[in-house]
Each structure stands twice: as structure tokens, then as C-alpha cells.
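Quick notes on the structure that follows.
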Amino acid sequence: MERSLQQHQYLTTLESVELVGKSAATTRRYLNKYVALGWLAKQGGNRDRTHHLVK
């Protein structure tokens, strides 16, 4: 996932689900954990949310 974030400036939740190969709920838990750790930043609402690497 990190490589994809470096190549593209952001990932949607759906793109993350496809990369991780887990359920949408599990992938969202991962993404929320990375946001809490300060590794990712989220932007947008529930349907158009994207995640960006924090630099």
C-alpha cells in the first residue's frame, strides 16, 4: 500500500481494499489505525474519502 501511495498522491478506501485483499471493514480499521498513528491523513467525507501519506 505504501508503494501505491508514493506512486499516486492518495488512495480511496476501495483502492485500499483491493490492494490489501481484506474486507472493507478490516481495511477501514487498518486505515483508521494508521491515521491515529499519524502515518496517514484522511480527507473528504464517507463516500469520497481519500488517504494521503503524512510527510
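The values are calculated or read from the model by the stated rules, or taken from the named source; none is laboratory data. These figures come from a predicted structure and were not determined experimentally. Don't worry about glycine lacking a Cβ; one is built from the backbone with ideal geometry, like all the others, and counts go over all protein chains shown. These area figures cover heavy atoms from the full protein model, side chains too; ligands, DNA and RNA do not enter into them. Shrake-Rupley method; radii C 1.70, N 1.55, O 1.52, S 1.80 Å.
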Calculate what fraction, in whole %, of the accessible area of the chain sits on carbon and sulfur atoms when a 1.4 Å probe is rolled over the protein chains. 49 percent
Exposure ranking of Arg29, Arg47 by accessible area [1.4 Å probe, largest first]: Arg47, Arg29
Report, in debye and to the nearest 20, how large the dipole of the chain comes out about its Cα centre when Lys and Arg carry +1 and Asp and Glu carry -1 on their Cβ. 200 debye
Per-residue accessible area, 1.4 Å probe, largest first, puts Tyr10, Tyr30 in the order Tyr10, Tyr30
